[in-house]
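Everything below concerns the one structure shown next.
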């Protein structure tokens, strides 16, 4: 099994590269570390060489997710392991700035995945006076077949199952965070949202003020989720990608099959479970997201 330890970066195709670059620099507070040979923009939250990559395109979509694996693993051995599972892959050298060597493959929905051992660091550090999240925390995907995708991430990449919201979403993690990925069956390929971690409730207040100064309104939240129990708020970036800002996420102990106890847990110890679909606001918000994504798909096609 491949030992994935961290969601490191997300690579986006953008129809307005400059607007997205301005958003990540001036609103979120990332730093442009490098401009690539094809004018792609590498942005860092503070430590890794990059956590977001932006590329000019005729389409607006999530292109690639980059995961860091155990540095002691051999990429050649990882490729052999993938081949045993019927998965084709390619080892690429100096393909991405900041990463000397990676393996590229596709998941069951056709998203590009990069698996790598090391990324250049430190980057320029954290900015002040912006949202300035601590890290890229998770990505939520819509899938043609969520169970097939979940099986892939668990069986092949070694993710742990942590929770489920009935038929809506399955939550998976590759480290201690409650989830670094969640997957839902929407009948089409889409990114539901991408999430960045804040420090605490006070950071949510400061972030909301900063968003308002840039005429960006919160579409939902702040509030506390059920699965994961993280405090969360949601807004749109310039290309209508949904951005979640969160804090206080449950921490999973896979060896014990429980989450670190928190005062707001109704059951102690808290274990992975199936949560009910009981939030009307969320259902309305999700419909809006789906309508936007379907609109993008029509434009792209």
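Here the simple spin-label model places points 7 Å from the Cα toward Cβ, and for residue 240 and residue 144 these points are separated by 2.4 nm.
Just to verify a number: FRET efficiency for residue 92 and residue 70, C-beta to C-beta distance, R0 = 22 Å, to 0.05? Numbers along the way, then the final one.
On the way: r = 19 Å, r/R0 = 0.86.
Efficiency at R0 = 22 Å is approximately 0.70.
Could you tell me which label, among (i) 49, 27, 19; (ii) 37, 19, 18; (iii) 26, 25, 20, carries the value of semi-axes √(5λ) of the Cα gyration tensor in Å calculated for this structure? Matching entry in (i) 49, 27, 19; (ii) 37, 19, 18; (iii) 26, 25, 20: (iii).
Remark: relative contact order (region 4-116) = 27 percent; criterion is Cα-Cα distance under 8 angstrom and separation of 6 or more residues.
With both labels modelled 7 Å from their Cα along Cα-to-Cβ, the residue 35 to residue 167 distance reads 5.0 nm. Once the chain from residue 134 to residue 277 is taken as fully extended at 0.36 nm per residue, the excess over their C-alpha distance is 48.5 nm. Computed extension gain for residue 199 through residue 16, at 0.36 nm per residue and net of the alpha carbon distance, reaches 62.9 nm. Modelled spin labels at residue 218 and residue 151, positioned 7 Å past Cα toward Cβ, are 4.1 nm from each other. So for the chain: antiparallel DSSP bridges make up what percent, rounded to the nearest 5? The answer is about 70 percent antiparallel.
I'd like the distance between the alpha-carbon centres of region 231-249 and region 80-124, rounded to an integer number of Å. The two parts, judged by their Cα centres, are 26 Å apart. Ordering 250, 151 from the fewest to the most neighbouring beta carbons within 10 Å gives 151, 250.
Read-outs throughout are calculated quantities, based only on the coordinates presented, and are distinct from any laboratory measurement. Remember, predicted model here, so these are calculated numbers, not experimental data. Positions of Cβ are generated from backbone atoms using ideal geometry, with glycine treated the same way; all protein chains shown enter the neighbour counts.
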